[in-house]
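To start, the structure itself, in structure tokens.
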Amino acid sequence: MNRPARSELGSHWNLDPNCVFLNHGSFGATPTVIREEQRRWQDLLEHEPVHFYEDLAEKFMEDARRALAAMLKCDADDLALIENATSGVNTVMRSLRFEKGDEILVPDHAYQACRNTLDYVAQRWGATVVTVNIPFPISGPEVVVERMMAGVTSRTVLAMVDTVTSPTGLLMPFEELTAKLESAGVSVLLDAAHGIGMVPLSLDSLGASYTTSNCHKWLCAPKGSAFLHVRKDKQENIHPLTISHGMTFPLGDTTRFRHEFDWTGTRDISAHCALPATIEFMASLTEGGWNEIMEQNHQLAIKGRNILCEALSIDAPCPDEMITCIATLILPADGASNGIPLHEPDPLHEILQTKYGIQVPVWSWPSPEGRYIRISAQLYNSEEEYRYLAHALRQELNF
Ligand SMILES: Cc1ncc(COP(=O)(O)O)c(C=O)c1O
């Protein structure tokens, strides 16, 4: 089978023409126009660095926060521009204080780097991280709600909830969970790394204490652009990982939260400056703007998943409503992980890459044990690419 072409919109990305790129989920991919836009900001900065940082940067960052806030239905003043979701989770966790015996709830599908942060902070305070098992395959979102709420005790103070889980690609019922947990007195830290541009987010009505999301994933913004949203009543206790001038700078008509997060030392803010243009450009690629992008990607992920399931005679591990623009499947592989330990590369990943030119993650996962593959769907992908992946898998798994 010949290597398939991308969709028509694929021409907006400068992706390797020899690569069938089915892994937008890991690091995103940024259209050429936006990369040029970022370079324009960098050029402006280097044209007169002092003028840029001292006179202009604050306004540019405010423009970026306002553009995000319009999409996120929240107050722009509650947003901090940060580099990535990992630092968003770290910012919150390393700001909070815990009592000995406090419990922090987390599903077992959490992203390992963020889970590590929870473990590290909990251990320092004598708090306990309580892991909730979420089955996979799973019949519906109610199972997640039931399991997570069953994990709440009188000692639970915080829950880290994903919008969409990284290993299993599950759309968590994060709105219902947030409402239930917050009203039970449990602060929610929403790990929405797969969030903005992938699922609609209305942060003010959502009511989570803390939300962090990557713009460099599904918004397709340049790398190193993310935000942390902190509910107003929680802002006093949340400080950036880097303490800088903002801690003592005269307040004027703004808040300490603003001052502290707007200046965390000299850094390249070009990715943040490019956010308004990114949001606008991406929306212009479809008639229906962002809602249509999310829906198209969702439909393509469903199609891609169906193609793989049919070709490999496997069942989808969750209903269509529980996937967004990524979908994880459990590969038929001796009923187990092929003996490959977690964190070790699966040779199938390399074979798909070198022999077929396909970039798609394949790995082993312990709960339940198995060999997993995760496809992504972005505007540049075509249905043919999933057929080609199905063909390659059939060849390599001896169908
Ligand atoms: C659920 C989840 N949380 C956090 C992250 C970390 O994102 P970053 O590396 O941009 O900090 C990822 C990355 O894939 C993720 O999937």
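The values are calculated or read from the model by the stated rules, or taken from the named source; none is laboratory data. Everything numeric here is computed off the predicted structure, so don't read it as measured data. Using ideal geometry, Cβ is built from the backbone for each residue, glycine included, and neighbour counts are taken over all protein chains shown. Quick note on the areas: whole protein, heavy atoms, side chains included, nothing else; ligands and nucleic acids left out. Shrake-Rupley method; radii C 1.70, N 1.55, O 1.52, S 1.80 Å.
What number of residues within segment 8-19 satisfy the criterion of being assigned to a loop (DSSP other than H, G, I, E, B) and either within 16 Å of the ligand (Cβ to nearest atom) or out of contact with any Phe, Trp or Tyr (no Cβ under 6 Å at 6 or more places or on another chain) (or both)?
Number satisfying all stated conditions: 5.
Might you let me know whether segment 288-306 holds any residue that is more than 24 Å from the chain's Cα centre (by Cα) and open to solvent by 20 Å² or more (accessible area, probe 1.4 Å)?
Checked segment 288-306: no residue is more than 24 Å from the chain's Cα centre (by Cα) and open to solvent by 20 Å² or more (accessible area, probe 1.4 Å).
Could you please tell me which pairs satisfy a Cβ distance under 8 Å, a separation of 6+ or placement on different chains, a first residue in segment 210-221 that is within 18 Å of ALA277 (Cβ to Cβ) and in a strand (DSSP E or B), and a second residue that is open to solvent by less than 10 Å² (accessible area, probe 1.4 Å) and more than 11 Å from the ligand (Cβ to nearest atom)?
Taking only residues 6 or more apart or on different chains, the pairs are ASN214/ILE196.
Going through segment 222-248 one residue at a time, which ones are without any contact (Cβ under 8 Å) to a residue 24 or more places away in the chain and in a loop (DSSP other than H, G, I, E, B)?
Scanning segment 222-248 gives THR242, ILE243, SER244, THR248.
If we scan segment 178-192, do we find a residue that is among the hydrophobic types (A, V, I, L, M, F, W, C), open to solvent by 10 Å² or more (accessible area, probe 1.4 Å) and closer than 27 Å to ARG374 by Cβ?
No, segment 178-192 has no match at all.
I'm trying to understand the selection: among the residues of segment 215-234, which are more than 19 Å from LEU181 (Cβ to Cβ) and either open to solvent by 10 Å² or more (accessible area, probe 1.4 Å) or more than 16 Å from the ligand (Cβ to nearest atom) (or both)?
If the condition is that a residue be more than 19 Å from LEU181 (Cβ to Cβ) and either open to solvent by 10 Å² or more (accessible area, probe 1.4 Å) or more than 16 Å from the ligand (Cβ to nearest atom) (or both), then HIS216, LYS217, LYS223, GLY224 are the ones that fit.
Which residues, taken from segment 37-54, are out of contact with any Pro (no Cβ under 6 Å at 6 or more places or on another chain) and either among the β-branched types (Val, Ile, Thr) or open to solvent by less than 100 Å² (accessible area, probe 1.4 Å) (or both)?
GLU37, TRP41, GLN42, LEU44, LEU45, GLU48, PRO49, VAL50, HIS51, PHE52, TYR53
May I ask you to list the residues in segment 276-305 that are in contact (Cβ under 8 Å) with a residue 12 or more places away in the chain, in a helix (DSSP H, G or I) and among the hydroxyl-bearing types (Ser, Thr, Tyr)?
THR278 - this is the single residue of segment 276-305 that is in contact (Cβ under 8 Å) with a residue 12 or more places away in the chain, in a helix (DSSP H, G or I) and among the hydroxyl-bearing types (Ser, Thr, Tyr).
Quick one: which of LEU251, LEU308 is hydrophobic (A, V, I, L, M, F, W, C) and in a loop (DSSP other than H, G, I, E, B)?
LEU251
Identify all residues within segment 69-123 that are within 16 Å of MET160 (Cα to Cα), more than 11 Å from the ligand (Cβ to nearest atom) and of a type in the set (Gly, Ala, Ser); write none if there are none.
SER95, ALA122 - these are the residues of segment 69-123 that are within 16 Å of MET160 (Cα to Cα), more than 11 Å from the ligand (Cβ to nearest atom) and of a type in the set (Gly, Ala, Ser).
Given the structure, is LEU170 over 26 Å from LEU81 (Cβ atoms), crowded, with 22+ Cβ neighbours inside 10 Å, within 16 Å of the ligand (Cβ to nearest atom) and touching a residue at least 12 places away in the same chain (Cβ under 8 Å)?
Answer is yes for this residue.
PRO137: in contact (Cβ under 8 Å) with a residue 40 or more places away in the chain, under 23 Å from GLY370 (Cβ atoms) and open to solvent by 70 Å² or more (accessible area, probe 1.4 Å), yes or no?
Yes.
List pairs: first residue in segment 83-107 and farther than 25 Å from VAL144 by Cβ, second residue among the charged types (D, E, K, R) and away from the ligand (no atom under 11 Å from the Cβ) anywhere in the structure, Cβ distance under 6 angstrom, at least six positions apart or on different chains.
Sorted first by the residue in segment 83-107, then by its partner, the pairs are GLY101/ARG155.
I'm trying to understand the selection: among the residues of segment 111-134, which are under 22 Å from the mean Cα position of the chain (by Cα), open to solvent by less than 30 Å² (accessible area, probe 1.4 Å) and closer than 14 Å to ASN90 by Cβ?
CYS114, THR117, LEU118, VAL121
Tell me which of these GLY252 doesn't satisfy, since it passes every other one: (1) touching a Pro at 6+ places or on another chain (Cβ under 7 Å); (2) surrounded by fewer than 16 Cβ atoms within 10 Å (Cβ to Cβ).
Among (1) touching a Pro at 6+ places or on another chain (Cβ under 7 Å); (2) surrounded by fewer than 16 Cβ atoms within 10 Å (Cβ to Cβ), the lone unmet condition for GLY252 is (1).
ALA184 - would you say it is out of contact with any Pro (no Cβ under 8 Å at 6 or more places or on another chain), in contact (Cβ under 8 Å) with a residue 24 or more places away in the chain and over 28 Å from ALA271 (Cβ atoms)?
Criteria met by ALA184.
Among the residues of segment 94-109, is any of a type outside the set (Gly, Ala, Ser) and in a helix (DSSP H, G or I)?
Yes.
Regarding segment 144-167, can at least one residue be identified that is in contact with a Phe, Trp or Tyr (Cβ under 7 Å, 6 or more places away or on another chain), open to solvent by 20 Å² or more (accessible area, probe 1.4 Å), touching a residue at least 40 places away in the same chain (Cβ under 8 Å) and within 16 Å of the ligand (Cβ to nearest atom)?
yes
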